[in-house]
Structure formats: structure tokens, C-alpha cells
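Visitor: Once you've had a glance at the structure underneath, I'll fire off some questions.
Read-outs throughout are calculated quantities, based only on the coordinates presented, and are distinct from any laboratory measurement. Fair warning: this is a prediction, and the values are worked out from it, not measured in the lab. Every residue, glycine among them, receives a Cβ derived from its backbone with ideal geometry; neighbour counts consider all protein chains shown.
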């Protein structure tokens, strides 16, 4: 819990006055320690993502020296795979089918992963609006993975996910990782990418795999984070 008000303001690209207003309203997750407000990075990213609040590109450039060894979003998408016409009539059945579809090592307990994703939804929907959800867990589960994965699933039919905008969800980005650091890294980049017009259009149009990956790579290229793995 290292983020101060000024850090949160920079991360969310707003003024400190706005942060204090959100704190007063009780809408932003904040903790008061030693007369100062502190923020948990994972909770802040989740909160910003669910409310479609833009993140500052400056944050990504400043973190690049810390994340040089971490995978780019494009790599994680290649590792997780992109799937179409995933079935399910409600949130529970959709998540179950998504977990069964994912490219997981044999050591990963799929039933356990399904249960923790479902438990996370019970705490609060991971739907971020406009028909998109990012299933993951608040405290990242350390799984038997060599690298983080983001699995994209386009649903056969949209289902209610309890999104703030009331729209049913028809595309899921399911994020799992071997470390907490990798989880936060990918969550932040995915949140940023979903505000990029080219990538967002590719998602909304359910573009072909290669086109979706190309859009993700262009988005990361804008931040000087072009992924080259898998070529």
C-alpha cells in the first residue's frame, strides 16, 4: 500500500483535489494511515477499470525500467489464446466454459480456478461496461504457470454480469498470472489498451485473431512497449 494521494492522482490522470473529492464521497478505495491516505495499487486499478477512468501513459513509461522482464500484453494474449462462440446461459456457466477452454498446464486445478473466479464476482462484478468483463481475482492466485496469460473469449450470446452500465457481457478477458507483480502489470496494460480506439474497435467487432493481436501490438507500440515474442 505505497501509493499516496499524489501518486493516485498521477496514475488516474486527475488532480489531487479530485482524489480528495472521491475520498470524501467514499467512492474510491482508500485507507487512512498515520494521518495520510494510502491506496492499494490492485484495488485502484480495478476501481479505475470498472469506471472506465483513463490511466496516464506517463505511468507506463516510468515503470518500464521495473517491468523490463515482464511480458507485454500481446505476449500474454498469445499465451492465453483468443476464442469465439463460447457457450453459456449465465455468468456461472460462462465462467465454467471459459476455464475449460483456457490453455492451462496439467498442474492447474481448473475447478479451483473456476471457484475463485466465481467468488471474485460475488464480491463485485468484473464487468467494465460496453459488454466487456475482465475476470480475475482481487488477490492474484499464484498458479503453476511459467508466464502470465490473458485469454479472450467472445461469447455465443451476451449474458448479464452485473455491469454498472447495465449492458450484458459478450467478451471476457480472463487474466491469470504466476506472480502478483505480473498480475498488476497486465491489468494496467489491459486497462490502457481498452481505451485505445483501434484495439477497442477490434474487440467490439470480434476481429480475427491476427487482427486483434496486431491492434494490441500497435497500442503497446504507442507506449514504446512493442512486443516481439512469438514472431
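Visitor: Given the Cα-Cα distance of residue 210 and residue 84 and 0.36 nm per residue of separation, how much length would full extension add, in nm?
Guide: On the way: separation 126, 0.36 × 126 = 45.36 nm, distance 1.34 nm.
Extra length from residue 210 to residue 84 when fully extended: 44.0 nm.
Visitor: Relative to the longest principal Cα axis of the chain, at what angle does helix 180-193 sit, 0 to 90 degrees, rounded to 10?
Guide: On a 0 to 90 degree scale, this one is about 90.
Visitor: Next question. Hey, what number do you get for the chain at 222 nm if only DSSP H runs of n ≥ 4 count, each worth -39500 (n - 2.57), divided across all residues, to the nearest 500? Mind dumping the intermediate values first?
Guide: Numbers: 10 runs with 103 residues, N = 231.
Rounded to the nearest 500, the figure is -13000 deg cm²/dmol.
Visitor: Here's a follow-up. What angle, in degrees between 0 and 90 and rounded to the nearest 10, separates the Cα long axis of helix 16-25 from the longest principal axis of the Cα atoms of the chain?
Guide: 80 degrees
Visitor: What's the angle, to the nearest 10 degrees (0 to 90), between helix 110-123's Cα axis and the longest principal axis of the chain?
Guide: For 110-123 against the chain, the angle is about 40 degrees.
Visitor: Let me ask something else about it. At R0 = 45 Å, how high is the FRET efficiency between residue 158 and residue 36 if r is their beta carbon distance? Nearest 0.05 is fine.
Guide: Numbers: r = 43 Å, r/R0 = 0.96.
In this case the efficiency is close to 0.55.
Visitor: I would also like to ask the following. Which whole-number percentage describes the relative contact order of the stretch 146-208, with Cα contacts under 8 Å and a sequence gap of 6 or more?
Guide: Values: 59 pairs, mean separation 18.6, N = 63.
It rounds to 29 percent for the stretch 146-208.
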